[in-house]
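Visitor: This is the structure, below, for whatever I ask next.
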Amino acid sequence: MTTKGTLLVVDDSKAILNAVSLLGRSVFAKVIALPSPNLIPSLMEQESIDVVLLDMNFSAGVNSGNEGLYWLKRILKTHPDVPVVLFTAYADINLAVTAVKEGAFDFVVKPFENAKLTATLLSALQLRHSKSEVKQLKEHANALKEELNAEQTVIWGDSPAMQEVLQTIRQVAPTQANILITGENGCGKEVVAKELHKLSMRRKEIMVSVDMGAVSETLFESELFGHLKGSFTDAKEDRAGKFEAANCGTLFLDEIGNLSYPLQAKLLAAIQNRQITRLGSNRPTPIDIRLICATNKDLRAMTAQGLFREDLLYRINTIEIALPPLRARKEDILPLAEHFLRQFAAKYGKSPFSISEQIKAKFCAYGWPGNVRELQHTLEKAVILSHGTHLIVPDFLQVVHNNREEETLEEMELRIIKKTLSQYGSNLTAAAGRLGITRQTLYNKMKKYGL
């Protein structure tokens, strides 16, 4: 029956200490006996105590129980999670009841019954373990929140358009206003949502993100509002939905324009009423969230076409933040590129990179239909596949020009390889070194282009 844990017994009777020590070892891995309460503070600083069994009177001729109450309060002040069980005589029962109201776990009457004492101490130990588990869960949850909300370096850019966006973010973030973020795919709508949360009054709580385009019609209510066990075939246990998970924090609904018209009404009801009802339940649950939505669609045009509810549109966009595409703020392209190069060099354990002036010019001339995300992915691939620290044309084969009359990067690569080979002739090692690639890579490209 012995389980993990340490019992501290405090009593001025040697006979009681011996009897409880012997009995306590059937429940606890370790039992510590003290004849005087004066050693309690120092001992509890040195030892990890799980349960305290405390007598209520220690001084000769004193039966008021005030000593027990005093030490009870001291223990609970410094170790509030440690259950304290009181030893009391028949005459002290009313006093013991008062002590329980002051925070004692329970009391055992002297002379004690072994079974009663054992059961009480075991219950106190189980409570201690439960409190410890709850504390660990809370610490784990807080650590996860800190990790999820950890500050990440974001390069917003110095263009007037992005500076205006940043000013709006800082202005509206501390409010409770619902925010709608609009912009093309890859513009950084989720980054803006995270920044709004980070600067809000809810920053110490979690931000829950939901891709509305990935939520099926049949699972919409379960995903967002939760369900009870047995409410449908696969509901094998109770589950909280995204609204409950984001309670006291921020709920980010991405791609809200993909939500079907019938489901829009259900979402609107939850937002308006600030409460949800799990599937299989009749009991509404209040929710306290900050709502941020995002879309790459024109919701006003969809409203005019009867594809998006006008009342839902008004509800979600108290403030609208429109993100410009990367092609509309070309002055931000190179600072973003340099930021991503540093980021991916560190991620993949490589030395700092630089890019040629030719590539810089091409980057600024390119339309970047995938916006910041395309730029990010292009640079990540280049860093992974590069053989040197100076990135040149062959490292960016994925990037092509919108202007069909201009030279493509493949055409540029072929021209540069031909020029380099003409300079170095049959010395492929030297030519590869000049190009910043390996000899084998150069050979493969020569084979590709029939050189």
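The values are calculated or read from the model by the stated rules, or taken from the named source; none is laboratory data. In this text the structure is predicted, and so the values were computed from the model without any measurement. Glycine also receives a Cβ, built like all others from the backbone with ideal geometry; neighbour counts cover every protein chain displayed. Please note that ligands, DNA and RNA were not included when accessible areas were found on the heavy atoms of the full protein model with its side chains. Shrake-Rupley method; radii C 1.70, N 1.55, O 1.52, S 1.80 Å.
Visitor: Filter segment 307-333 down to the residues that are over 30 Å from the mean Cα position of the chain (by Cα) and buried (at least 17 other Cβ atoms within 10 Å of the Cβ) and list them by number.
Guide: PHE308, ARG309, ARG329
Visitor: Taking segment 349-389 on its own, how many of its residues are β-branched (Val, Ile, Thr) and out of contact with any helix residue (DSSP H, G or I) (no Cβ under 8 Å at 6 or more places or on another chain)? Working first, answer last.
Guide: Keep residues of segment 349-389 that are β-branched (Val, Ile, Thr), which gives 355, 359, 372, 378, 383-384, 389.
Now narrow it down to the ones that are out of contact with any helix residue (DSSP H, G or I) (no Cβ under 8 Å at 6 or more places or on another chain): 389.
Going through segment 349-389 one residue at a time, the tally reaches 1.
Visitor: ILE359 passes all but one of (1) aliphatic (A, V, I, L, M); (2) touching a strand residue (DSSP E or B) at 6+ places or on another chain (Cβ under 9 Å); (3) within 22 Å of MET162 (Cβ to Cβ); which number fails?
Guide: Condition (3) is where ILE359 drops out.
Visitor: Hey, can you tell me all the residues within segment 107-124 that are open to solvent by 50 Å² or more (accessible area, probe 1.4 Å) and under 40 Å from the mean Cα position of the chain (by Cα)?
Guide: SER123
Visitor: Counting only residues that are at pLDDT 95 or above and within 19 Å of the chain's Cα centre (by Cα), give me the strands (runs of 3 or more DSSP E) lying completely in segment 162-267 with at least 1 of them.
Guide: Because the criterion is at least 1 residues that are at pLDDT 95 or above and within 19 Å of the chain's Cα centre (by Cα), the strands (runs of 3 or more DSSP E) in segment 162-267 that meet it are 250-254.
Visitor: Next question. Between ASP238, ASP234, ASP211, which is touching a Gly at 6+ places or on another chain (Cβ under 8 Å) and open to solvent by 60 Å² or more (accessible area, probe 1.4 Å)?
Guide: None of the other options fit; the residue is ASP238.
Visitor: Quick check on my filter: what residues within segment 267-297 are surrounded by 15 or more Cβ atoms within 10 Å (Cβ to Cβ), free of Cβ contacts under 8 Å to residues at least 60 places away in the same chain and charged (D, E, K, R)?
Guide: Correct list: ARG278 only.
Visitor: Count, please, the residues in segment 344-368 that happen to be over 23 Å from LEU414 (Cβ atoms) and in contact (Cβ under 8 Å) with a residue 40 or more places away in the chain.
Guide: Count: 2.
Visitor: Now a separate question. Hey, which of the strands (runs of 3 or more DSSP E) in segment 1-85, taking only ones fully inside, have at least 2 residues that are open to solvent by 20 Å² or more (accessible area, probe 1.4 Å)?
Guide: Ranges flagged: 3-10, 28-34.
Visitor: Working carefully through the options ALA150, ALA99, ALA104, find the one that is open to solvent by less than 40 Å² (accessible area, probe 1.4 Å), modelled with pLDDT under 85 and of a type in the set (Gly, Ala, Ser).
Guide: ALA99
Visitor: Of all residues in segment 86-133, which are among the aromatic types (Phe, Trp, Tyr) and either in a helix (DSSP H, G or I) or in contact with a Pro (Cβ under 9 Å, 6 or more places away or on another chain) (or both)?
Guide: TYR90, PHE105 - these are the residues of segment 86-133 that are among the aromatic types (Phe, Trp, Tyr) and either in a helix (DSSP H, G or I) or in contact with a Pro (Cβ under 9 Å, 6 or more places away or on another chain) (or both).
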